[in-house]
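The values are calculated or read from the model by the stated rules, or taken from the named source; none is laboratory data. In this text the structure is predicted, and so the values were computed from the model without any measurement. Cβ placement follows ideal geometry from the backbone for every residue including glycine, while neighbour counts extend to all protein chains displayed. The area values use the complete protein model at the heavy-atom level, side chains included, leaving out ligands, DNA and RNA. Shrake-Rupley method; radii C 1.70, N 1.55, O 1.52, S 1.80 Å.
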Amino acid sequence: MKQATLHQLKVFEAVARHRSFTRAAEELFLTQPTVSMQVKQLAKAVGLPLFEQIGKRLYLTAAGRELLATCQEIFEELSRFEIAVADLKGLKQGYLRLAVITTAKYVIPRLLGPFCQRYPGIDVSLKVTNHEHILERLTDNQDDLYILSQPPEDFDVSSHPFVENPLVVLAPRHHPLAQKKNIPLKRLAEEPFIMREPGSGTRKAVQKLFDEHGVSVKVKLELGSNEAIKQAIAGGLGISVLSRHTLALEGTTSQLTILDVEDFPIQRYWYVVYPTGKQLSVIARTFFEYLLNEGKEIAQTTLQSIF
Ligand code: PGA
């Protein structure tokens, strides 16, 4: 094992976690032959095969399982060491990895501004994707912190309510229903509807409400982006349900309006989430506290200022 390198262990751990050479290569920005070669050399150093391929699936051998457990201990120790070093450096530099659902992108970058000014040595990566992909990243432990609307029930996480995330019905500003009060939910079935893509948390919440009330809307268009949906509404293609946060920069001259429909807004919350037992780095912990204190207030004030 003396010839094994830390890099090889990292490559092996990624392959074992994904059960795939291809996905490990993607995650590590390496080519697949490089990944295979690193694992091969590691197996040679161990003296036993680490994986076996049965059909299309990749399995760990007994030696592979032992090595994976050892790798996890090594990486945990290293992360503890990094935390200790970051403490010694007084949070001067480091990396913060965030993954947030698409609606949170209207808020989190604004909150990062003051935070990064306070700690200029911190580099941030912010992944913005839908509910389903956030859950995948969470399960794979790819980021420090996650923001999502519905914390998973089948995975042990620590989740903290952050800010309200009301879902509202949006229509073009001059829509015939724009001035009406308490529009019956069933009335929406007569309008062409624009829906988010499968895997979206917004879509799930909207579908649940419609199903509970036996309302079946005519989905005219399916789009994977809140911004594209806003443009489509403004272009007269139909109405939709989106987070109120998506209107953050609209101002009073917006071409969109919120319809007053019964059972709306759908009341939801954003949560700050991380896997239970995860050792948060000093930076992640500092940002977590910032979010739940100052960040919460800024986000809530911004939400209230939306027309
Ligand atoms: P989405 O998430 O981007 O997957 O729609 C938003 C939410 O769950 O509130």
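Looking only at residues in region 121-149 that are β-branched (V, I, T) and within 11 Å of the ligand (Cβ to nearest atom), the one that is nearest to the chain's Cα centre (by Cα) is I134. Of the numbered criteria (1) within 26 Å of F287 (Cα to Cα); (2) assigned to a loop (DSSP other than H, G, I, E, B); (3) open to solvent by 60 Å² or more (accessible area, probe 1.4 Å), the one P152 fails is (3).
Scanning region 31-58 for residues that are surrounded by 12 or more Cβ atoms within 10 Å (Cβ to Cβ) and assigned to a strand (DSSP E or B), we see that the one that is farthest from the chain's Cα centre (by Cα) is F51. Across region 234-259, the number of residues qualifying as surrounded by fewer than 16 Cβ atoms within 10 Å (Cβ to Cβ) and in a loop (DSSP other than H, G, I, E, B) comes to 8.
Working only within region 74-104, note down all residues that are at pLDDT 90 or above, open to solvent by 30 Å² or more (accessible area, probe 1.4 Å) and in a helix (DSSP H, G or I). The one that is at pLDDT 90 or above, open to solvent by 30 Å² or more (accessible area, probe 1.4 Å) and in a helix (DSSP H, G or I): I74. With respect to the conditions (1) away from the ligand (no atom under 11 Å from the Cβ); (2) open to solvent by 30 Å² or more (accessible area, probe 1.4 Å), S225 falls short on a single one, namely (1). For region 155-203, the set of residues classified as acidic (D, E) and without any contact (Cβ under 8 Å) to a residue 40 or more places away in the chain consists of E190 only. Restricting attention to region 202-222, which residues are over 20 Å from the mean Cα position of the chain (by Cα), within 15 Å of the ligand (Cβ to nearest atom) and assigned to a helix (DSSP H, G or I)? Those that are over 20 Å from the mean Cα position of the chain (by Cα), within 15 Å of the ligand (Cβ to nearest atom) and assigned to a helix (DSSP H, G or I): Q207, K208, L209.
Taking G199 as the residue in question, decide whether it is open to solvent by 10 Å² or more (accessible area, probe 1.4 Å), within 16 Å of the ligand (Cβ to nearest atom) and either more than 17 Å from I266 (Cα to Cα) or assigned to a loop (DSSP other than H, G, I, E, B) (or both).
Details: open to solvent by 10 Å² or more (accessible area, probe 1.4 Å): yes; within 16 Å of the ligand (Cβ to nearest atom): yes; either more than 17 Å from I266 (Cα to Cα) or assigned to a loop (DSSP other than H, G, I, E, B) (or both): yes.
Criteria met by G199.
Do you know which residues across region 264-297 are under 19 Å from the mean Cα position of the chain (by Cα), surrounded by 18 or more Cβ atoms within 10 Å (Cβ to Cβ) and among the hydrophobic types (A, V, I, L, M, F, W, C)? Hits for region 264-297 are W270, V272, V273, I283, A284, F287, F288, L291. So R65 fits all but one of (1) surrounded by fewer than 18 Cβ atoms within 10 Å (Cβ to Cβ); (2) over 30 Å from the mean Cα position of the chain (by Cα); (3) at pLDDT 95 or above; (4) not in a loop (DSSP other than H, G, I, E, B); what number is the exception? The failed condition is (2). Residues that are more than 16 Å from the ligand (Cβ to nearest atom) and among the aliphatic types (A, V, I, L, M) were ranked within region 92-120; the one that is nearest to Q304 (Cα to Cα) is L111.
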